[in-house]
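> Below are the structure tokens for one structure; questions will follow.
The values are calculated or read from the model by the stated rules, or taken from the named source; none is laboratory data. Everything quoted here is computed from the prediction, not taken from an experiment. Positions of Cβ are generated from backbone atoms using ideal geometry, with glycine treated the same way; all protein chains shown enter the neighbour counts.
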Amino acid sequence: MTLFKWCLRAIILGITLAAISSAWLYNQITSPLPITEQQTFEVKAGDTSFQLANGLYQQGLIDTPWLLRIAAKLQPEWVPKVGKYALQQPMNLLDVMALLDSGKAIFHSVTLLEGHTTKEFIKALAATGKIEMTLEGLSNTEIAEKLALSAKHAEGMFFANTYRYHEGDTDVQILTRANQLLEKHLEDNWQNKAKDLPYKTAYEALIMASIVEKETAAPEERPLISRVFISRLEKNMRLQTDPTVIYGLGDSFNGNLTRKGLRDTSPYNTYRHFGLPPTPIANVGKEAIEAALHPGVTKALYFVAKGDGTHAFSNTLKEHNAAVKAYQFKRRSDYRSTPKAE
């Protein structure tokens, strides 16, 4: 047999083996993985294709770690993103690689409620057990400095909303997004605010929004309560709002606002001091911001809780005292501070 024939046969054999190998590889990477129920697969920072291949192998999803390494060599543009991913039927190896490359990791969500303080927001983040906490135990001043907020005090600087996050995200990342959203809503409303409001800055409007947020959970009342407080500011009357006093009392408040509490010398005591308190007293949603910058129409200067989650508004002190007698001295048996859920 001539050398030419040997070479020809060798070439044919090589082509055949390559074809068989390619067919085997194609079959391996396109066949459904043995996923019986949804599994979680994690890509950690710095993971190489070798480490990811071993991870899939150890979870029993591929027969050999070399399979992913070969597939990765064939797709040099493949860049797996950090996160935890949900693997489920029917998925093949190419589907898994595409998922890891997409960055569409498992999302979780946490709801930060209107009227809650920054301290309560941090507790809510910690309670998930999935967020890396770095702000616990810090003061509002320290939090503001760490997040480089526009205010020197972190209270009220985060927008109440539901936020999606990946496991392992930090509290700083989530609260930074909450602050950016707060700043956007506040600026948009400030640029389109009603005329002749008594605020010098958007921050003062935010302080008012936090008071409105704490005073009522009835949406239709927010603009009216905002107007009451604005009217009091315009007439150089004290705001005399319990939530600010309670905020100033801090951890010493036991749930019952007493005469001693009302005599407290805190700058948040609006029974003693004129004007707005020095900072917001809670974090707010968009409705409270809108109410502070687009107040309703009423001549009322007073309001008192009726016990059904709403308030009775009065134009004069005499009317107000009568309302206090009707709704507070003789409280209804089913007295509530928030509206009844529909």
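Conditions tested, residue by residue: (1) assigned to a loop (DSSP other than H, G, I, E, B); (2) surrounded by fewer than 18 Cβ atoms within 10 Å (Cβ to Cβ).
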{"residue": "E220", "(1), (2)": "no, yes"}
{"residue": "L224", "(1), (2)": "no, no"}
{"residue": "R227", "(1), (2)": "no, no"}
{"residue": "T244", "(1), (2)": "no, no"}
{"residue": "G261", "(1), (2)": "no, no"}
{"residue": "T270", "(1), (2)": "yes, no"}
{"residue": "G296", "(1), (2)": "yes, yes"}
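> If you don't mind, another one. If the Cβ limit is 8 Å and pairs must be 6+ apart or interchain, which residue in the stretch 160-173 that is assigned by TED's automatic domain parsing to the domain that holds T134 and part of a strand (DSSP E or B) pairs with which residue that is among the acidic types (D, E) and at pLDDT below 95?
Filtered contacts from the stretch 160-173: T170/E132.
> Could you please tell me which pairs satisfy a Cβ distance under 7 Å, a separation of 6+ or placement on different chains, a first residue in the stretch 261-275 that is over 16 Å from I211 (Cβ atoms), and a second residue that is among the aliphatic types (A, V, I, L, M) and part of a helix (DSSP H, G or I)?
Cβ pairs passing all conditions: G261/V245; G261/L249; L262/V245; D264/V245; D264/L249.
> What is the number of the single condition among (1) part of a loop (DSSP other than H, G, I, E, B); (2) over 22 Å from I246 (Cβ atoms) that E142 does not meet?
For E142, the failing item is (1).
> To continue, here is another question. Can you tell me how many residues within the stretch 185-203 are under 23 Å from the mean Cα position of the chain (by Cα) and closer than 15 Å to G275 by Cβ?
Counting residues in the stretch 185-203 that are under 23 Å from the mean Cα position of the chain (by Cα) and closer than 15 Å to G275 by Cβ gives 1.
To keep it simple, each residue is scored yes or no on (1) among the β-branched types (V, I, T); (2) closer than 25 Å to S31 by Cβ; (3) touching a Gly at 6+ places or on another chain (Cβ under 8 Å).
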{"position": "A98", "(1), (2), (3)": "no, yes, no"}
{"position": "E114", "(1), (2), (3)": "no, no, yes"}
{"position": "I122", "(1), (2), (3)": "yes, no, no"}
{"position": "A127", "(1), (2), (3)": "no, no, no"}
{"position": "T134", "(1), (2), (3)": "yes, no, no"}
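> Another question, if that's okay. Specify the residue that is farthest from I207 (Cα to Cα); the eligible residues are those in the stretch 298-313 that are part of a strand (DSSP E or B) and free of Cβ contacts under 8 Å to residues at least 40 places away in the same chain.
Only one residue tops the list, namely D308.
> Step by step: first the residues of the stretch 146-181, then only those that are charged (D, E, K, R) and out of contact with any Leu (no Cβ under 9 Å at 6 or more places or on another chain), then the one that is modelled with the lowest pLDDT. Which residue is that?
Filtering the stretch 146-181 for residues that are charged (D, E, K, R) and out of contact with any Leu (no Cβ under 9 Å at 6 or more places or on another chain), the one modelled with the lowest pLDDT comes out as E167.
> Could you list all residues from the stretch 174-191 that are of a type in the set (S, T, N, Q), closer than 17 Å to A292 by Cβ and free of Cβ contacts under 8 Å to residues at least 60 places away in the same chain?
Q191
> If a residue must be in contact (Cβ under 8 Å) with a residue 12 or more places away in the chain, closer than 13 Å to Y165 by Cα and of a type outside the set (A, V, I, L, M, F, W, C), how many such residues does the stretch 101-138 contain?
Residues that pass the stated criteria total 8.
> Among (1) among the charged types (D, E, K, R); (2) over 29 Å from the mean Cα position of the chain (by Cα); (3) crowded, with 20+ Cβ neighbours inside 10 Å, where does E234 come up short?
All conditions are met except number (3).
> Just to be sure, is L74 free of Cβ contacts under 8 Å to residues at least 12 places away in the same chain and of a type in the set (A, V, I, L, M)?
Yes; evaluated as a whole, the condition is true for this residue.
> Here is a further query. Just the residues that are closer than 16 Å to E234 by Cα and among the basic types (K, R), please, taken from the stretch 272-318.
Within the stretch 272-318, just K299 meets the criteria.
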